[in-house]
Structure formats: structure tokens, C-alpha cells
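J.: Let me begin by handing over the structure; questions about it come next.
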Amino acid sequence: MAEQKGMTLNLKIWRQAGPKEKGEFLKIQAKNIIPDMSFLEMLDVVNEELVRTGKEPVEFDHDCREGICGACSLVINGNPHGPEVATTTCQLHMRKFKDGDSIVIEPFRAKSFPIVKDLVVDRSAFDRIQQAGGFITANTGAAQDANCIPVPKKNADLAFSSATCIGCGACVAACKNASASLFTSAKVAHLALLPQGQAEREERVLKMVAQMDAEGFGGCTNTGACSAACPVEISLENIARMNRDFLAASIKHR
Amino acid sequence: MQNVSRKMGWLTSSVGRKQLIGVTGLGLCGFLVAHMAPNMLILFSAEMYNKYSHALISNPLIYAAEVGLLLLFLGHLVFALRLSWMNWRARDTRYAVMSNGPKRTAWAQRSLWAQGLVILVFVILHLITFKYGTHYSVTYDGVEMRDLHKLVVEVFSEPAYVIWYVVALFVLFFHLRHGLGSSLQTLGINHPRYNCAIKVASWAYAVIVVGGFLSQPIYVYLLQRG
């Protein structure tokens, strides 16, 4: 195979030894980066070099590396998941950068997402929001016959588009208020649009909003930064749906 | 952090507080129209302007209206400041680089709280200047009343005051343009069939209200200045 001439990139990577430690940027060059590499593969190359020279590799979250698990994070030059819309960091390719580019890599920053180490943040606050009501209590048993439970096609599509939220937390990272409204609302809307979700609809929205607030996330000021940064383009319509369900539930609940 | 496992009171939740800010904001939007439209009488005659002002302040219901207005204003202000403070604290370390490209949001959307503070200063100065300003008298048809027109002309003859007024109104423009649509979103109104109309209405409302208010000092400065 012919030798591919790689790019050289000037990186500034956030390094922080632990949750309470003071962090700072590490300046490092990434060499021989092939345009077809993903952003995470580029970091793998950087880490291999760090290990080779006896230094500690940079910690970052990743799992499936095919854009569906929501594990990868990173704020790249100020943009959660990088400059491309509707893309996770693992699906961001180095061809989107030019040889000699400077890239600043930061963790998702929010009080409710404390930094564990380097670029890894603790996103378990999202799990607790989900646990507060993002489920159906009744045992649903095995899958029913198709059309046993009538769901209008439009509702099925809307519920599905809400359910595509992978819970990565880019919405919190992008929001100037570190608000978790887009995530919470997607989870609320997903079940609110389906017949199976109706029984606990009021309780769900009240409890999930309560947990969201208790976690210390900020409030929504409708700037739309969350939806712009979202790798699966969850719409602001979800937040409106959560808002009106919350208002209705606040009035009706016993 | 544990699961709190409780339901939320409306006014103790971030969503409920935002809805209160939205509702009070919409109320204040109504007030702005009721304030701007009759003030356009200044373009017609001093007598019409003064007679309207006299009719307004001599109506006993004005006190109830003033209390209501004050509550709207304070509710909007206090809850918005509280929420802004909570929002500020939700991120303890700031990013080194600002977002850019398609993921960037507009400055006007990110600074609603700052716009609100400029408007607060404006409203306080505005009340001191006009409501509690110099009391001139004039008599029409044997009825003695306040010559507010004289005071307005006097104030708007000062270029510095006109400039400050214009600047504050531009800030109000951005606040209203975002605020109207934002209030509806917060109250849960977002539907593909109506979103375009809401956007157009927010723009139109902001242009009409701010345009109306702007026309008054500019008209006085250019044409009425003694």
C-alpha cells in the first residue's frame, strides 16, 4: 500500500486528573492523521504516541463508534460533537479539517455533568431523570400482534423521532444554561405520544421535571442551541410538548 | 445525587417559573400596545394628547391598573432574575472556545437577561422623567389639567435623551422579538402549522410597537423642538 501523507493538527486538549483537580490544556501535535479517520481514531493515534513516550493517555468516552450509543462526547472548537450538524464525534471524520488546523478539545461542561477525568464526564444525572419516570410500569409481556393497539401513523412517527434521542448530553453541553430540557422532553414526549404511555403520563412529566431540577440543570430559554447541537436533531417541539404536559399535569394531578 | 422521587409544584419548578415569566411577559406585551397606541396622539395635537392623558389618570380604575402592572412587571423581573441566576450556576466552568458555525446561537437570544436589565433602567428613568417629572398646567374648555405635552417636548428636545431613548427601544425590539415566540413555546405552543405565523407575528409585533414608540421622540425632536 502506498504511503498516505497524513495531516498534522495542532491540538489543545483539556486534561484534568480528577473531579476536584484543576484542569489545563495540553498542547500537542497529532501527526500523520489520515482524512478517513474518525475524530476518535485521531485521538487513538495521539494516545498511542503518548503511551509510546511513557505519558498517560488522554481519557475520553466512546463505545459503539457508529453513532448510535451516545457514549462519545467532546466539545470541539466550541461545538458539542464538532462542527458538523447531526453528527456524533465518532462519526465526525478528519476530512472535515485541514492540514495545520488548530483544534481545541474540551469536555462537556455542566455542573450536573462533573468531570471524572480529562474529557470524561459523569452523565448519570440523565439515568436518574430516566429512572424518575421514563418507563411504563405495567408488565407489557411479549410483543403483541400488529395493530392490536391502534397507533396513528403520525403519532408513531413523532414518538419514534423523540425516541431516537441517544442521551449523549450534547444538548446540555450546548445550552448556555446547561439545561437538560431537550433530553427530558424527548423522553417525556416519546411515551406521551403512545397509548401505552397514557396511564402514567401526568406523573411521568411531574417526576422527570422534578428530577431534572434536582440535578441542578439550568432552565430553558429557547435559544435552540440544544437542537442545533443534537446529533439526532431532536426538535424543540418536544420541549413545548413537555411544557404543556407539565402545565396540564400541574393543574390536574391529585 | 439520589432520585428525588416526588412530583413537582408548579411554581417551584423551572418549567413553571418559566411559564410565569412567559405569562407576565405576554401581559406586559399587551400593556405596551395600550401605552404606545394612544401616545401616537402626540403626532396630531397637544390638546388631544393632554386630554387623553387627563382622562387616563383621572379615572379611579387607574390605581388598580397600576397595581396590576406593577405585579406583572415585578413577577416577570424577579422570576427571570432568579432563573438567570440558576442558569448561570448550572455551569461552573466555562468553555475556552465559543461555539461557531451552524451550532452557534444568536447574540440577541443569549442576552435576554441583559436586555431585561437595560429595559429596567429605562423604565425607572422613564417614570422619573415623565410620571414624576415637572408638573405644567394647561386649561382646555375650563378644565385644568397636566400639560404633559409641554414636558414631553422639553425632554425630547435634548439630543442625549433622544439617543438613549432610541438605544433602549432597540434593546426592547430584540427582547420583544424573541420574547413573544419564546413565551408561547414555554406555554407549550409549537406546531408546524402555526410556527411560521408565530414567527411573523413576533416580528410584526416588535416592529409595530417599537416603531410606534420610536416615531414619538423623533417626531418631537425634528418638528416640535422649540
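J.: Points 7 angstrom from Cα along the Cβ direction at B:T129 and A:I149: gap in nanometres?
T.: The modelled label-to-label distance comes out at 6.2 nm.
J.: For A:M7, list long-range residues whose amide hydrogen, built 1.01 Å from N in the peptide plane, is under 5 Å from its own amide hydrogen.
T.: Amide H neighbours of A:M7: A:N32, A:I33, A:I34.
J.: Hey, what do the phi angles of segment A:56-70 turn into as Karplus ³J(HN,Hα) couplings, whole Hz, using 6.51/-1.76/1.60 and θ = phi - 60°, x for Gly and Pro?
T.: Listing the rounded values in order: 6, x, 7, 7, 8, 7, 6, 8, 6, 6, 10, x, 10, 9, x Hz.
J.: Each residue of segment B:155-168 in turn: what ³J(HN,Hα) in whole Hz from Karplus with 6.51, -1.76, 1.60 and θ = phi - 60°, glycine and Pro shown as x?
T.: With the stated coefficients, segment B:155-168 comes to 5, 7, 7, 8, x, 4, 5, 5, 5, 4, 4, 5, 4, 4 Hz.
J.: A further question follows. Answer with one residue from A:L11, A:A170, B:L70: the one whose Cα lies farthest towards the positive end of the charge dipole of the protein assembly as shown, charges on Cβ with Lys, Arg +1 and Asp, Glu -1.
T.: So the residue furthest toward the plus end is B:L70.
J.: Under 5 Å between amide hydrogens, which residues at least 5 positions from A:L26 or on another chain qualify, with H placed 1.01 Å from N in the peptide plane?
T.: A:I13, A:W14, A:R15
J.: Based on C-alpha coordinates, I'd like the Rg and Dmax of chain A, in Å.
T.: Cα-based Rg and Dmax for chain A come out at 20.5, 71 Å.
J.: Note down the relative contact order for chain A as a percent, whole number, built from C-alpha pairs under 8 angstrom at least six residues apart. All intermediate terms of the calculation are to be shown ahead of the outcome.
T.: Values: 460 pairs, mean separation 48.4, N = 254.
Over chain A, the number comes to 19 percent.
J.: Continuing with the same structure: Would you mind putting A:52-59, A:133-140, B:47-54, B:161-168 in packing order, based on average other-beta-carbon counts within 10 Å, highest first?
T.: B:47-54, B:161-168, A:133-140, A:52-59
J.: If one computes P(r) from the Cα atoms of chain B, what percent of pairs lie at distances over 26 Å?
T.: On the way: 12185 of 25425 pairs.
The answer is 48 percent, as a whole percent.
J.: Show me you know the interface measure: the accessible area buried between B and A, both chains summed, probe 1.4 Å, in Å² to the nearest 100.
T.: Summing both chains' loss of accessible area gives about 4300 Å².
J.: I need the Kirkwood Rh of segment B:66-190: take the reciprocal of the average 1/r across all distinct C-alpha pairs and report it in angstrom.
T.: The answer is 18.0 Å.
J.: Trypsin sites (Lys or Arg not before Pro), restricted to segment A:58-108: which are DSSP loop and have at most 11 other Cβ atoms within 10 Å?
T.: Answer in residue order: A:K98.
J.: Please give the charge dipole size of segment A:7-106, origin at the Cα centre, charges +1 on K and R Cβ atoms and -1 on D and E Cβ atoms. Round to the nearest 20 debye.
T.: That gives segment A:7-106 a dipole magnitude of about 340 debye.
J.: OK, next. Could you quote the convex hull projected area for segment B:124-202, Cα atoms only and averaged over all directions, in nm²?
T.: Dividing the Cα hull surface by four gives the mean projection, 8.4 nm².
J.: Kindly write out, for segment A:242-252 in residue order, the coupling ³J(HN,Hα) from the Karplus curve 6.51 cos²θ - 1.76 cosθ + 1.60 (θ = phi - 60°), rounded to whole Hz, with x marking Gly and Pro.
T.: In residue order, the calculated couplings are 4, 4, 6, 5, 5, 4, 5, 5, 4, 7, 8 Hz.
J.: In terms of the ratio Rg/(2.2 N^0.38 Å) built on C-alpha atoms, what value belongs to segment A:7-106?
T.: 1.03
J.: Just report the Cα centroid separation between segment A:61-98 and segment B:90-130, whole Å.
T.: Taking the Cα centre of segment B:90-130 as reference, the centre of segment A:61-98 is 30 Å away.
J.: If you don't mind, there's one more thing I want to ask. Dipole of chain B, Cα-centred, from +1 at each Lys and Arg C-beta and -1 at each Asp and Glu C-beta, to the nearest 20 debye?
T.: For this selection, approximately 1480 debye.
J.: Under 10 Å from the Cβ of A:D245, count the other residues' Cβ atoms, weight Lys and Arg +1, Asp and Glu -1, and hand me the total.
T.: +3
J.: Using only DSSP helix segments of four residues or longer, with each worth -39500 (n - 2.57), what per-residue ellipticity at 222 nm results for the protein assembly as shown after dividing by its residue count and rounding to 500?
T.: The per-residue figure over the protein assembly as shown is -16000 deg cm²/dmol.
J.: Give the shape of segment A:158-219 as rounded, prolate or oblate, defined through the alpha-carbon gyration tensor: a ≥ b ≥ c are the square roots of its eigenvalues, a/c under 1.5 means rounded, and otherwise the shape is prolate if a/b is larger than b/c and oblate if not.
T.: Oblate.
J.: From the Cα trace of the protein assembly as shown, what convex hull volume per residue do you get, rounded to a whole Å³?
T.: 204 Å³
J.: Then there's this: Taking the alpha-carbon centroid of each part, what is the distance from segment A:181-221 to segment B:191-215 in angstrom?
T.: Cα centres, segment A:181-221 to segment B:191-215: 31 Å.
J.: Please name which of A:L50, B:L20, B:S183 has its Cα lying farthest along the dipole of the protein assembly as shown towards the positive end, using unit charges on Cβ (Lys, Arg +1; Asp, Glu -1) and the Cα centre as origin.
T.: B:L20
J.: List the residues whose amide H sits under 5 Å from the amide H of B:Y140, counting only those 5 or more places along or on another chain, with H placed 1.01 Å from N in the peptide plane.
T.: The list, which skips near neighbours in sequence, is B:M145.
The values are calculated or read from the model by the stated rules, or taken from the named source; none is laboratory data. Everything numeric here is computed off the predicted structure, so don't read it as measured data. Here the Cβ is made from the backbone with ideal geometry for all residues, glycine too, and neighbour counts use every protein chain on show. Just the protein is used for accessible areas: all its heavy atoms, side chains included, with ligands, DNA and RNA removed. Shrake-Rupley method; radii C 1.70, N 1.55, O 1.52, S 1.80 Å.
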